[in-house]
Amino acid sequence: MNTSLTHTSLTNTARLLGAGLRALLALTLVTGVLYPLVVTGIAQGLFPGKANGSETEADGKVVGSTLIGQSYTLPPREGRQTPQPDLRWFQGRPQNGLGTNSVNTRYDLILSGATNRSADNEELVQWVKDAKAAVIEDNSVTGYTVEPSRVPADAVTSSGSGLDPHISPRYADIQTHRVAERNGLSVAQVDELVDEHTENRTLGFIGEPRVNVLELNIALRKLVAGS
């Protein structure tokens, strides 16, 4: 056995391992430490609100994010596990079954996802029917009845992520009479509030007009407090 060749081979191997280790450490430092710090610094300097999660404040406290929906519910009644909607407030897209799969509950930020059921799935069809009936019942008040044909799709289905913070202006509109009655306001006042918080299509052609439920309810709270 040629000991000089063996020694040379071991030397080359050690040299290559050393070079690989130095490259690993250098890349870890650049991509794992320096790059994140630079990007974070730029983000904090140019648009800190978005960089911190688009937090929304009310009365000096963070109450949520404009990017993530949340529930407006009452504590569950005795003997029931499912909380009832707090009908003083505008409601977002449906919760419970329509936004739940085996790993995600709607507005649970661990994972996002919808039901992954086909449109003709019997269980999903029944959920939609039940949700539509609830929307009609909850939003029909004295002197105003919600017509079934006026109930939009987003009122009876969750979004693909289950985290959508927006509803359509149509869904907001059919809630105005109920919200006005529950809060002692006029329908005109609540209609104006919805109009003020309706966002148009991005760049005029991307997406659909929408209303951020959290921002709308914050404005509603201020209106009630000042009335």
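The values are calculated or read from the model by the stated rules, or taken from the named source; none is laboratory data. Computed from a predicted model, the values in this text were never measured in an experiment. Using ideal geometry, Cβ is built from the backbone for each residue, glycine included, and neighbour counts are taken over all protein chains shown.
Couple of notes before you dig in:
- Extreme residue, modelled with the highest pLDDT, among residues of segment 109-145 that are farther than 30 Å from Asn183 by Cβ and of a type in the set (Val, Ile, Thr): Val125
- Screening Val135 against (1) within 19 Å of the chain's Cα centre (by Cα); (2) buried (at least 17 other Cβ atoms within 10 Å of the Cβ) leaves a single unmet condition, (1).
- For segment 169-201, taking the residues that are polar (S, T, N, Q) and without any contact (Cβ under 8 Å) to a residue 12 or more places away in the chain, the one that is nearest to Val146 (Cα to Cα) is identified as Ser186.
- Whichever residue in segment 146-169 is out of contact with any Ser or Thr (no Cβ under 8 Å at 6 or more places or on another chain) and modelled with pLDDT under 90 and, among such residues, is surrounded by the fewest Cβ atoms within 10 Å (Cβ to Cβ): Gly160
- Residue in segment 172-182 that is of a type in the set (S, T, N, Q), surrounded by fewer than 20 Cβ atoms within 10 Å (Cβ to Cβ), out of contact with any His (no Cβ under 6 Å at 6 or more places or on another chain) and within 30 Å of Ser54 (Cβ to Cβ) present: no
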